[in-house]
Structure formats: C-alpha cells, structure tokens
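The values are calculated or read from the model by the stated rules, or taken from the named source; none is laboratory data. Since the model is a prediction, treat every value here as computed from it, not as a measurement. Positions of Cβ are generated from backbone atoms using ideal geometry, with glycine treated the same way; all protein chains shown enter the neighbour counts. Note: areas computed on protein heavy atoms with side chains; ligands, DNA, RNA excluded. Shrake-Rupley method; radii C 1.70, N 1.55, O 1.52, S 1.80 Å.
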Amino acid sequence: MAKSSIPQWFQHDISITAPSRGCHLITSDINKAIQSDMSNIKIGMANLFIQHTSASLTINENADPDVRRDMEVALNKIVPGKWTQDGTFLHTMEGEDDMPGHVKSSLMGPSLNIPIRNGRLALGTWQGIYLNEHRDQGGWGGGHTRNIIITLQGQS
C-alpha cells in the first residue's frame with residue numbers, strides 16, 4: 001500500500017524590475033524565489049500571478065534572445081500604438097502606451113500554471129518564463145517594477 005502525504009502549500013511574493021519594455025526571461029528569478037520549498041514537493045503545481053494590468057506572463061523559448069525581440073515586434077503589430085492617437089482607444093489619460101498595454105496583457109494573460117515534478121518546475125528543455133512589460137512609462141509611479149505571487153501546492 002502506498003503511503004499518502006498531505007498536500008503542502010507555499011507562497012512567495014517577488015518584485016522584478018523589467019529594464020525596459022519587452023519580453024524578459026525571468027526563470028532564474030522564479031527558481032531562486034522558490035528553491036527553499038521545492039525540495040518538499042515531489043508532485044504538484046506552481047501558479048504564478050502578476051498583479052498588474054499592463055504586464056503579463058508567458059512561457060516560450062529560453063535559448064535565442066531573438067525570440068523575445070520578435071515576440072515584442074509581433075505584439076506591437078497585433079496592437080499598434082497608433083490606436084491611441086487615431087481615436088481607436090478612449091482610455092489615454094495614463095499615457096499613449098497604457099491602453100495597448102492593457103490589451104496585450106489580456107492577450108498574453110496574468111498567470112501561469114506549471115507542473116512540479118521531483119522538486120523542479122517541469123519546463124521543457126527550451127522553455128523559459130517571460131515577464132512581458134507592455135509599457136514604456138510604467139504607469140503612474142514610474143519605473144517597471146512588477147509584483148508576482150508564486151503559489152506552490154504539492155506532495156512529497
């Protein structure tokens with residue numbers, strides 16, 4: 001008969017400052033934040049949630065930096081900044097890049113679920129976690145510091 005274990009929960013808050021608008025690889029930041037708890041989890045799930053409306057999270061290639069650049073180019077073609085100037089968007093009081101940032105954030109999403117296997121995030125060889133910063137100005141407060149809540153749940 002297999003021994004059962006009680007599910008454990010852990011939660012971490014981290015702040016990451018994106019150096020600029022664009023797609024930034026943050027896998028190592030996430031792993032550093034959760035390393036003390038991961039050895040307690042053989043099987044489980046990690047949820048990452050960004051507490052902002054003009055930044056997002058996604059998983060994509062971690063090897064070639066051109067992928068991150070190309071993602072930013074593609075997002076700008078999908079939601080062009082000129083829509084703020086041509087009357088497409090009415091919400092412009094927080095800056096010309098604010099409403100395009102909201103749309104991009106909704107397209108990419110505020111959260112990720114990643115399986116945990118044997119104390120590690122079960123990402124594929126070429127997968128990395130991206131913080132997508134969709135603003136130049138960074139909102140009312142200036143800067144690009146983004147808060148992410150990481151919730152781990154699993155069993156040993």
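Counting just the residues of the range 103-119 that are surrounded by 18 or more Cβ atoms within 10 Å (Cβ to Cβ) and not β-branched (Val, Ile, Thr), which one comes out farthest from ASP37 (Cα to Cα)? By that ranking, first place goes to LYS104. Contact map, the range 129-151: residues that are polar (S, T, N, Q) paired with residues that are at pLDDT below 95 and open to solvent by 40 Å² or more (accessible area, probe 1.4 Å), Cβ distance under 6 Å, separation 6+ or inter-chain. Pairs shown: THR145/THR17. Checking GLY154 against (1) open to solvent by less than 40 Å² (accessible area, probe 1.4 Å); (2) modelled with pLDDT of 95 or more; (3) in a loop (DSSP other than H, G, I, E, B), which test does it fail? So GLY154 meets the others, but not (3).
Annotation note: of GLU72, GLU94, GLU61, the sole residue that is of a type in the set (Asp, Glu), in contact with a helix residue (DSSP H, G or I) (Cβ under 6 Å, 6 or more places away or on another chain) and surrounded by 14 or more Cβ atoms within 10 Å (Cβ to Cβ) is GLU61. Do we find that LEU131 is modelled with pLDDT of 95 or more, in contact with a strand residue (DSSP E or B) (Cβ under 9 Å, 6 or more places away or on another chain), aliphatic (A, V, I, L, M) and over 20 Å from THR17 (Cα atoms) in this structure? It is false that LEU131 is modelled with pLDDT of 95 or more, in contact with a strand residue (DSSP E or B) (Cβ under 9 Å, 6 or more places away or on another chain), aliphatic (A, V, I, L, M) and over 20 Å from THR17 (Cα atoms).
Conditions (1) modelled with pLDDT under 95; (2) among the basic types (Lys, Arg); (3) within 12 Å of HIS134 (Cβ to Cβ), marked per residue:
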residue	(1), (2), (3)
PHE49	no, no, no
GLU61	no, no, no
ALA74	no, no, no
VAL79	no, no, yes
THR84	yes, no, no
GLY95	yes, no, yes
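The residues in the range 20-46 that are open to solvent by 50 Å² or more (accessible area, probe 1.4 Å) and modelled with pLDDT of 95 or more can be counted, and the count is 10.
Here the condition is being farther than 28 Å from ILE6 by Cβ, β-branched (Val, Ile, Thr) and not in a loop (DSSP other than H, G, I, E, B); of THR88, THR84, it holds for THR84 alone. Considering only the range 5-19, I want to know if a residue exists there that is loosely packed, with under 11 Cβ neighbours inside 10 Å, modelled with pLDDT under 95 and more than 12 Å from the chain's Cα centre (by Cα). Within the range 5-19, one or more residues are loosely packed, with under 11 Cβ neighbours inside 10 Å, modelled with pLDDT under 95 and more than 12 Å from the chain's Cα centre (by Cα).
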